[in-house]
Amino acid sequence: MSDLAAYVAGLPKAELHLHIEGTLEPEQMFEFAKRNGVAIPYASVEEVRAAYNFSNLQDFLDIYYAGAEVLRTQQDFHDLAIAYFDRAAADGVVHAEIMFDPQTHTDRGIAFATVIEGLLSAQAEAESKHGMTSRLIMCFLRHLSEEDAFATLAQAEPWLDRITAIGLDSSEIGHPPEKFARVYAAARAKGLKLVAHAGEEGPPDYVWQALDLLEVDRIDHGNRSLEDAALTRQLAEQSMTLTVCPLSNLKLCVIGDLADHPIDRMLDLGLSATINSDDPAYFGGYVAENYSAVAEARGLDRAALATLARNSLEGSFLPEGDKAARLAQLEDYLAQQ
Ligand code: ADE
Ligand code: ZN
């Protein structure tokens, strides 16, 4: 391991933008397909990896939703999540806020309970095994209707004390945040935190809508905010956390080259940017790899990497006391360097 990689792996950090369905490694895809008797359109792990060549978000989503077909049982969701928590622990993640897409599963006949109970048991195991805390973010698929989102919120009712936030993901362009303003208001009234993907492919106006109409607590991605100086100022003034995903941005052609990634520009503009992996099984790296790759490409120094880790803990939905304890853990680590 290089010095930089060792430093990054040791940084106590939170991961705030991670789709659990996006941690399905090709090896697991074959394992789950076999044990569930599901046919998959690939002959080998290599063939699966070769298919992971995307020109945009939709290219990826088509393959990602097809991959999720192999997830059928509570055990599958448990195994998927614990494999992620194990990898995240090795990357220095002390707290993870993971997104899941119930509609991807309920629409093919898998019960909401099957999905969430598998995730909850993995969260408990990660806490006892690694001391890692975690939270669940339930995402609505924005290409589906407002009515579908309301139905999903109703299905989640028995578990709302174990769901921390709602999110909005899937195809961004053509599905602006305003489409979900009433669902977000309903979720807010139930005491849920609010996040939304905005400004990944969509225009700055979608980020404005997420702020003004959804009243989100965090923006997922937010890259295109930089095209609007007033928006950038607003985000900085509000100390709005942006969950940025460098390798995702590269693989989905949000940027042409990692050397052009705006992460240091975001920090220079006073934005509370964080580094996350999004869908690591599809984009070629878990969270530490995202830190290292963008650090190398943009020449980030250790102080900038520490700022990014600090932003991740500060931007988490941990209660203030737990947040302070994690921040102290980070400062201890930095003092030892
Ligand atoms: N679902 C999984 N990953 C996503 C991303 N990066 N953007 C939108 N929807 C997603
Ligand atoms: Zn995402």
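Rounded to whole Å, give me the distance from the Cα center of segment 105-160 to that of segment 229-273.
Spelled out, the Cα-based centre of one part sits 28 Å from the other.
What residues have an amide H closer than 5 Å to that of A196, excluding those fewer than 5 places away on the same chain, when H is modeled at 1.01 Å from N in the peptide plane?
The answer is L168, R218, D220.
Provide the net charge surrounding S145, with neighbours chosen by a C-beta distance below 13 Å and charges set as Lys +1, Arg +1, Asp -1, Glu -1.
-1
By average Cβ neighbour count within 10 Å, what is the ranking of 11-18, 264-271 from highest down?
Those peptides, ordered most packed to least, come out 11-18, 264-271.
So what does the Cα-only Debye profile of the chain read at q = 0.07, 0.15, 0.16 Å⁻¹, as log10 I(q)/I(0), no solvent term?
-0.25, -1.34, -1.55
Put D217, D76 in order of accessible area, largest first, 1.4 Å probe: what do you get?
Ranked list, largest accessible area first: D217, D76.
Through the Karplus equation 6.51 cos²θ - 1.76 cosθ + 1.60, θ set to phi - 60°, convert the phi angles of segment 212-221 into ³J(HN,Hα) values in whole Hz; use x for Gly and Pro.
So the J values, rounded to whole Hz, are 7, 9, 8, 6, 5, 8, 8, 10, 8, 6.
With θ set to phi - 60° and the Karplus curve 6.51 cos²θ - 1.76 cosθ + 1.60, what are the ³J(HN,Hα) couplings of segment 229-245 in order, to the nearest whole Hz, using x for Gly and Pro?
These are the phi-based 3J(HN,Hα) values: 4, 5, 5, 4, 4, 4, 4, 5, 4, 7, 6, 6, 6, 10, 9, 8, 9 Hz.
Taking Rh as the Kirkwood radius computed over C-alpha pairs, what is the Stokes-Einstein D of segment 221-297 at 20 °C in a medium of viscosity 1.002 mPa s, expressed in µm² per second?
Details: Rh = 12.5 Å.
Answer, rounded: 171 µm²/s.
Hey, what do the phi angles of segment 62-75 turn into as Karplus ³J(HN,Hα) couplings, whole Hz, using 6.51/-1.76/1.60 and θ = phi - 60°, x for Gly and Pro?
Rounded to whole hertz, the list is 4, 6, 5, 5, 5, x, 5, 4, 6, 7, 10, 10, 4, 4.
Note the per residue figure in Å³ for the convex hull of the C-alpha positions in segment 53-191. Spell out each step's value before the answer.
Working: hull volume 16.7 nm³, N = 139.
That works out to 120 Å³ per residue.
Could you order S170, S121 so the one with the most accessible surface comes first? Probe is 1.4 Å.
Details: S170 10, S121 50 Å².
Order by accessible area, largest first: S121, S170.
What number, rounded to the nearest 500 deg cm²/dmol, is the helix-based mean residue ellipticity at 222 nm of the chain, given -39500 (n - 2.57) per DSSP H run of at least four residues and division by all its residues?
Computed mean residue ellipticity for the chain: -15000 deg cm²/dmol.
Looking at segment 57-137, which chymotrypsin sites (Phe, Trp or Tyr not before Pro) are DSSP coil and have at most 16 other C-beta atoms within 10 Å of their C-beta?
Taking segment 57-137 and a limit of 16 other Cβ atoms within 10 Å, no loop chymotrypsin sites (Phe, Trp or Tyr not before Pro) are found.
Could you give the semi-axes, largest first, of the ellipsoid that matches segment 1-97, computed as the square roots of 5 times the alpha carbon gyration tensor eigenvalues and rounded to whole Å?
Result for segment 1-97: semi-axes of 27, 17, 13 Å.
The values are calculated or read from the model by the stated rules, or taken from the named source; none is laboratory data. Quick caveat: nothing in here was measured; it's all calculated off a predicted structure. Positions of Cβ are generated from backbone atoms using ideal geometry, with glycine treated the same way; all protein chains shown enter the neighbour counts. We work out accessible area using only protein heavy atoms, side chains counted, and drop any ligands, DNA or RNA first. Shrake-Rupley method; radii C 1.70, N 1.55, O 1.52, S 1.80 Å.
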